[in-house]
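S.K.: Before I ask anything, here is the structure I am working with.
The values are calculated or read from the model by the stated rules, or taken from the named source; none is laboratory data. Keep in mind it's a predicted model, so treat the numbers as computed, not measured. Backbone-built Cβ (ideal geometry, glycine too); neighbour counts: all protein chains shown.
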Amino acid sequence: MLVAARNLRKTFRSGGLFRRGAGVLALDDVSFSLAEGESLGVVGESGSGKSTLLRTILRLTPYDAGSVTFDGAEIAAMDRGALRRFRQRVQPVFQNPYSTFNPRFSVGASIALGFELLGNVDKADIPGEVARLLDDVGLDPDLASALPHQLSGGQRQRAAIARALAVKPDLLLLDEPTSALDVSVQAQVLNLFKDLQGRYAFSLMLVTHDLPVVTFMCDNVLVMKSGAIVERGETGTLVRDPESDYTRKLVSSAV
Ligand SMILES: Nc1ncnc2c1ncn2[C@@H]1O[C@H](COP(=O)(O)OP(=O)(O)O)[C@@H](O)[C@H]1O
Ligand SMILES: [Mg+2]
């Protein structure tokens with residue numbers, strides 16, 4: 001298994017030092033695994049814990065109990081070297097691509113950082129590699145010299161994808177990657193992910209409140225409610241024949 005999570009728990013404590021609120025149980029005994037080459041969707045209403053799960057796997061949010069392994073290694077126990085390699089092999093793409101770019105760097109310079117980090121491309125060849133990558137994500141290579149704010153939302157998300165792919169990741173973790181985009185652009189970006197997955201061969205975990213996005217993109221799906229996984233299965237089967245009322249509601253509100 002590429003990713004295996006066992007009995008994950010996360011509570012966000014509310015209140016100040018002397019106020020002991022019960023807190024929010026954002027992850028409630030969550031277990032799942034993701035095989036190499038798999039595309040796994042995570043769907044659920046707002047506040048169900050999807051983003052927390054993704055951030056936990058990225059080692060951006062520490063968990064209270066349980067374990068997460070990536071390629072067999074517990075992520076909480078990684079030393080600096082292992083963590084650096086993990087940060088290269090697992091790439092996030094968030095809803096708002098602004099956050100992934102330094103506003104003062106050209107788009108090309110931000111993507112070039114990935115190649116510099118990996119160190120497997122001669123310095124002189126990096127501009128050509130950046131241009132090839134921009135072309136791969138459907139952007140004009142001339143946009144390498146543009147600043148992030150000069151791109152449209154859809155272009156910026158494509159650039160964020162290029163930046164993620166520059167380090168040749170094994171796993172892409174996508175959190176509502178099209179929710180901030182115009183409806184007309186959403187399908188284009190989803191098609192791009194599919195196309196790139198064929199060419200770059202990464203595994204994929206995609207978090208969204210939007211079930212049709214999962215139906216289009218993912219082999220398998222986890223359904224989350226109040227921090228817990230209420231249902232899981234092959235996407236087509238689950239959509240055709242949901243087991244829980246909650247999933248049935250998600251399915252019916254999506255059509
Ligand atoms: N940093 C945080 N501090 C406090 N509470 C949080 C934090 N992040 C998320 N939560 C709470 O945890 C729950 C799950 O949130 P989240 O994972 O963002 O859900 P989703 O992505 O499914 O909308 C929500 O109740 C949310 O308010
Ligand atoms: Mg979220």
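S.K.: Name the one entry in Gly81, Gly114 that is exposed (fewer than 13 other Cβ atoms within 10 Å of the Cβ) and part of a helix (DSSP H, G or I).
M.R.: Gly81 is the lone residue from the list that is exposed (fewer than 13 other Cβ atoms within 10 Å of the Cβ) and part of a helix (DSSP H, G or I).
S.K.: For Thr69, are the conditions met, namely being among the polar types (S, T, N, Q), within 13 Å of ligand 1 (Cβ to nearest atom), over 24 Å from Ile161 (Cα atoms) and assigned to a strand (DSSP E or B)?
M.R.: Criteria not met by Thr69.
S.K.: Then there's this: Filter segment 45-65 down to the residues that are in a loop (DSSP other than H, G, I, E, B) and near ligand 2 (Cβ under 9 Å from one of its atoms) and list them by number.
M.R.: Of everything in segment 45-65, those that are in a loop (DSSP other than H, G, I, E, B) and near ligand 2 (Cβ under 9 Å from one of its atoms) turn out to be Ser46, Gly47, Ser48, Gly49.
S.K.: Also, quick follow-up: Within segment 163-181, is there a residue that is of a type in the set (Gly, Ala, Ser) and within 21 Å of Ser31 (Cα to Cα)?
M.R.: Scanning segment 163-181, I find no residue that is of a type in the set (Gly, Ala, Ser) and within 21 Å of Ser31 (Cα to Cα), so the answer is no.
S.K.: Moving on. As an exercise: evaluate Ser31 against (1) within 21 Å of the chain's Cα centre (by Cα); (2) within 14 Å of ligand 1 (Cβ to nearest atom); (3) not in a loop (DSSP other than H, G, I, E, B) and give the number of the one condition it does not meet.
M.R.: (2)
S.K.: Checking Thr100 against (1) touching a Phe, Trp or Tyr at 6+ places or on another chain (Cβ under 9 Å); (2) at pLDDT 95 or above; (3) buried (at least 18 other Cβ atoms within 10 Å of the Cβ), only one condition comes out false. Which one?
M.R.: That leaves (2) as the condition not met.
S.K.: Could you check how many residues of segment 45-60 are surrounded by fewer than 21 Cβ atoms within 10 Å (Cβ to Cβ) and either near ligand 1 (Cβ under 8 Å from one of its atoms) or hydrophobic (A, V, I, L, M, F, W, C) (or both)?
M.R.: Number satisfying all stated conditions: 7.
S.K.: Still on this structure, please answer the following. Any residue in segment 58-81 that is among the basic types (Lys, Arg) sitting within a Cβ distance under 9 Å of a residue that is crowded, with 17+ Cβ neighbours inside 10 Å and not in a strand (DSSP E or B)? List the pairs, counting only those 6 or more apart or interchain.
M.R.: Qualifying pairs under 9 Å: Arg59/Ile75; Arg59/Phe86.
S.K.: Are any residues in segment 160-177 within 16 Å of ligand 2 (Cβ to nearest atom) and either free of Cβ contacts under 8 Å to residues at least 24 places away in the same chain or crowded, with 24+ Cβ neighbours inside 10 Å (or both), and if so, which ones?
M.R.: Listed by number, the residues that qualify are Leu173, Leu174, Pro177.
S.K.: Limited to segment 117-133, what total is found for residues that are small (Gly, Ala, Ser) and either in contact with a Ser or Thr (Cβ under 9 Å, 6 or more places away or on another chain) or buried (at least 19 other Cβ atoms within 10 Å of the Cβ) (or both)?
M.R.: 0
S.K.: Residue by residue through segment 84-111, note down the ones that are outside any helix (DSSP H, G or I) and under 17 Å from the mean Cα position of the chain (by Cα).
M.R.: Listed by number, the residues that qualify are Val90, Gln91, Pro92, Val93, Phe94, Gln95, Asn96, Phe101.
S.K.: Hey, any hits in segment 178-188 for a residue that's of a type in the set (Ser, Thr, Tyr), buried (at least 17 other Cβ atoms within 10 Å of the Cβ) and under 29 Å from Leu2 (Cα atoms)?
M.R.: yes
S.K.: Give me the residue from segment 85-116 that is of a type in the set (D, E, K, R) and under 23 Å from Phe70 (Cβ atoms) and, out of that set, nearest to ligand 2 (Cβ to nearest atom).
M.R.: Here the answer is Arg87.
S.K.: Take the conditions within 16 Å of ligand 1 (Cβ to nearest atom), closer than 24 Å to Asp219 by Cβ and β-branched (Val, Ile, Thr) and apply them to Val90. Does it pass?
M.R.: Judged against the criteria, Val90 is not a match.
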